[in-house]
Amino acid sequence: MRRPDEVAAMLRLSALGWGTKRIALEFGCSRNTVKRYVAAQGWSGYRRPRRAGKLAGLETWVAERFRQHRGNADVVRQDLEREHGLTVSLRTIERAVAPLRQALRAEAQATVRFETPPGRQLQIDFGERRVPVGGEAVRVYLFVATLGYSRRCYVQAFRHARQSAWFDGLEGAFAHFGGLPQEVLLDNARALVDHHDAETREVRFNGRLRAFAHYWGVKPRACAPYRARTKGKDERGVGYVKGNAIAGHSFESWAALEAHLAWWMREIADVREHGTTGEPPIERFQRAEAGALRPLDGRPPFRQVRDLIRRVQADCCVEVDTNAYSVPWRLIGEAVRVVVAGGRVSIQHGGCEVAGHPETAGRRQRLVEPAHFAGVMPARPAVHPADPPPERALPPAELLRPLQEYERLVGGGW
């Protein structure tokens, strides 16, 4: 490959009558090179022959599979080998999808801001942080609820993030705001959502969550899987709580932590100027959102009154929150009504209470009343205090050693 100025010099010499062999000697190149440039009467770049790639004709298929597998090129390579019998290297697939990767990344990050009217939506989430409490680093789970319109937030600390914590946090938020929103936007936590298909957006909520939502008259909504930013108001709220309310603080006790969070919500979070709305959340809440929330009507907490239907199992028990409570054995196989209220479990059948137990706070406990098994378990023989205890048979004499042997072993008398 010669430079354009060299080719121009070759053409001038050719016009002066120089032969191709003489010009080739002058420029130190082959005679054929000079002939090619003279025939073309100008410079031309080297053209590499274009060959069809291994993925020719499969560009659309590769793009569809790349999106389907969320940017995983290796899974696309596996599908290509299995469905089309074509074996290529991972690098070949990566080169083919390189233009698509940036587009997929931009699509995943693109977010349309969605503003909700007053009283419409409450967004909830949990954040986790280790906090020094009583001189020990304790794992604290922070429940954060944010009203969609005013951005007023509620924070409550828990020692776990089980379903009961979600419910207690929601009821604490309802009481803090003094009313109920129309809907609650939540994450796809296992404690709340049994199934959420990312493609069809089919959602199956947990049975107890549906009962909780029906009790309070709110509509649960799950954000898109892998798209936590769809509840971005609360996502930013969780980070704000971690970085402002908790960061750098230590507490003498759990009660001190709860008192600090109550003070922080009242004195810091409610009165700050919000970056998006440009006004304090408490002012925006009092002006427009407080009146849009539905009243609580003095209803007790959901977990204080629970009305359940259970079927008596073969072990004469019904199960509530993994704990077993016994009922009379004659009701095995029957459906009974279980009312949990005020720390007591009442089991009813035919409109009458057939068993009652104190509610246990543990897990996988068994609360059994022996009278419920009367008639199916053999009665144990009564033992009277006056009766002498049965005599225990002594071992044969040849198995007993004299104490002198033990004294010799220990080097002295007992």
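Quick look at the numbers
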quantity	calculated
Condition check for Arg287: in a helix (DSSP H, G or I), at negative phi, without any contact (Cβ under 8 Å) to a residue 12 or more places away in the chain and surrounded by fewer than 17 Cβ atoms within 10 Å (Cβ to Cβ)	yes
Residues of the stretch 188-215 satisfying the condition of being among the charged types (D, E, K, R) and not in a loop (DSSP other than H, G, I, E, B)	Asp194, Arg204, Arg208, Arg210
Pro220 at pLDDT 90 or above and either over 18 Å from Glu289 (Cβ atoms) or of a type in the set (S, T, N, Q) (or both)	yes
Residue match in the stretch 51-59 (condition: part of a helix (DSSP H, G or I) and either at positive phi or modelled with pLDDT of 85 or more (or both))	yes
Matching residues, the stretch 272-284, being surrounded by fewer than 17 Cβ atoms within 10 Å (Cβ to Cβ) and either under 25 Å from Val133 (Cβ atoms) or touching a residue at least 60 places away in the same chain (Cβ under 8 Å) (or both)	His274, Thr276, Thr277
Answer from Ala145, Ala96 - the residue that is in contact (Cβ under 8 Å) with a residue 24 or more places away in the chain, more than 30 Å from Lys219 (Cα to Cα), small (Gly, Ala, Ser) and touching a helix residue (DSSP H, G or I) at 6+ places or on another chain (Cβ under 9 Å)	Ala96
Unmet criterion (only one of (1) on the phi < 0 side of the Ramachandran plot; (2) exposed (fewer than 12 other Cβ atoms within 10 Å of the Cβ); (3) touching a helix residue (DSSP H, G or I) at 6+ places or on another chain (Cβ under 8 Å)) for Glu83	(3)
Residue under evaluation Leu170, criteria (1) assigned to a strand (DSSP E or B); (2) touching a Phe, Trp or Tyr at 6+ places or on another chain (Cβ under 8 Å); (3) crowded, with 22+ Cβ neighbours inside 10 Å, criterion not met	(1)
Any hit, the stretch 320-334, residues being over 30 Å from Val133 (Cα atoms), assigned to a helix (DSSP H, G or I), of a type in the set (Lys, Arg) and not assigned by TED's automatic domain parsing to the domain that holds Tyr240	yes
Residue in the stretch 157-165 that is outside any loop (DSSP other than H, G, I, E, B), in the same structural domain as Gly243 (by TED's automatic domain parsing), surrounded by fewer than 17 Cβ atoms within 10 Å (Cβ to Cβ) and modelled with pLDDT of 90 or more present	yes
Tally of residues being farther than 24 Å from Ser164 by Cβ and small (Gly, Ala, Ser) across the stretch 327-368	4
Tally of residues being loosely packed, with under 15 Cβ neighbours inside 10 Å and outside any helix (DSSP H, G or I) across the stretch 232-271	7
Output for the stretch 125-156, where each listed residue is surrounded by fewer than 17 Cβ atoms within 10 Å (Cβ to Cβ) and part of a loop (DSSP other than H, G, I, E, B)	Gly134, Gly135
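Matching residues to (1) loosely packed, with under 14 Cβ neighbours inside 10 Å; (2) of a type in the set (Ser, Thr, Tyr):
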{"position": "Leu11", "(1), (2)": "no, no"}
{"position": "Thr60", "(1), (2)": "yes, yes"}
{"position": "Gln68", "(1), (2)": "yes, no"}
{"position": "Thr87", "(1), (2)": "yes, yes"}
{"position": "Arg105", "(1), (2)": "yes, no"}
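Each row is one residue, and each column tells you yes or no for (1) modelled with pLDDT of 90 or more; (2) farther than 23 Å from Ala137 by Cα.
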residue	(1), (2)
Gly239	no, no
Gly243	no, no
Ala247	no, no
Phe251	yes, no
Trp264	yes, no
Thr276	no, yes
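The values are calculated or read from the model by the stated rules, or taken from the named source; none is laboratory data. It should be emphasised that the depicted structure is a prediction, and the values quoted were computed from it without experimental measurement. For neighbour counting, all protein chains shown are included, and Cβ atoms are generated from backbone atoms with ideal geometry for every residue, glycine included.
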